[in-house]
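Undergrad: Dumping the structure here so I can ask a few things about it.
Read the figures in this text as sums done on the coordinates, not as results from a lab. The shown structure was predicted, so the numbers you read here are calculated from the model rather than taken from an experiment. Positions of Cβ are generated from backbone atoms using ideal geometry, with glycine treated the same way; all protein chains shown enter the neighbour counts.
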Amino acid sequence: MEHKILMAGFGGQGIMAMGQLVTYAGMVEGKQVSWMPSYGPEMRGGSANCSVIVSDRPVGSPTVNMFNIGVFMNQVAFDKFIENAEKDAHIFVNSSLIESKVDRDDVHVYYIPVNEIAQEKIGNARTANMVMLGSILEAVDIVDRNTVMDVFTKVFGEKRAKLKPINDQAMQAGADAINEQKTPA
């Protein structure tokens with residue numbers, strides 16, 4: 001098993017946080033992991049993406065060129081990276097901000113309106129990334145969601161421990177969104 005994950009969007013959307021949580025959770029579960037961030041030149045609002053690998057064997061390179069899991073939080077990221085999906089890849093699209101559809105029948109696509117879910121069901125737009133993470137972890141067996149919550153304070157520090165309940169709630173909302181789809185689009 002080797003999950004080659006590309007997460008991409010704008011700075012400030014929590015792309016790096018998702019990647020760090022998955023990587024740290026994988027490490028705690030005894031898997032081989034790597035995380036490589038990439039930022040645009042802007043402080044906020046510029047491009048942001050990260051390559052995450054979670055594997056049962058040593059990771060040869062931390063860079064993900066072709067992915068088997070793609071996470072797209074905005075249109076720019078979608079347009080830039082969608083062609084790098086391997087056959088049978090799982091593609092997660094933030095349908096709140098991306099109008100394009102994936103024009104392939106050899107991949108599994110999930111359209112999740114994470115911004116709306118975060119705002120309407122959680123009451124906090126800043127949890128959109130955690131809604132997406134919950135969707136990913138429900139659809140693909142990468143790491144256990146409970147492990148992600150266990151490592152939350154290790155990644156973000158004790159000061160942010162108070163944010164665990166709302167983030168767990170957001171991940172559950174993302175999992176629910178996947179279960180409501182029943183089959184990928």
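Undergrad: What residue among M149, M171, V64 has its Cα farthest toward the positive end of the dipole of the range 2-181, where the charges are +1 on Lys, Arg and -1 on Asp, Glu, each on the Cβ?
TA: M149
Undergrad: Now for a separate question. Taking the Cα atoms of the chain alone, what are Rg (to one decimal) and Dmax (as a whole number) in Å?
TA: According to the Cα coordinates of the chain, Rg and Dmax are 15.0, 45 Å.
Undergrad: Give me S51, S38 sorted ascending by neighbouring Cβ count inside 10 Å, so fewest comes first.
TA: In order of increasing Cβ crowding within 10 Å: S38, S51.
Undergrad: Over all pairs of distinct alpha carbons, what does the Kirkwood formula give as the hydrodynamic radius of the range 109-185, in Å?
TA: It is 12.5 Å.
Undergrad: List the lysines whose Cα sits under 28 Å from the Cα of K4, skipping any in the same chain fewer than 8 residues away.
TA: K31, K80, K87, K101, K154, K164, K182
Undergrad: With both partners inside the chain, how many of the DSSP beta bridges are antiparallel, as a percent to the nearest 5?
TA: 55
Undergrad: So for the range 2-181, averaging the separation of alpha carbon pairs under 8 Å that are six or more residues apart and normalising by length, what relative contact order in percent results?
TA: For the range 2-181, the relative contact order is 21 percent.
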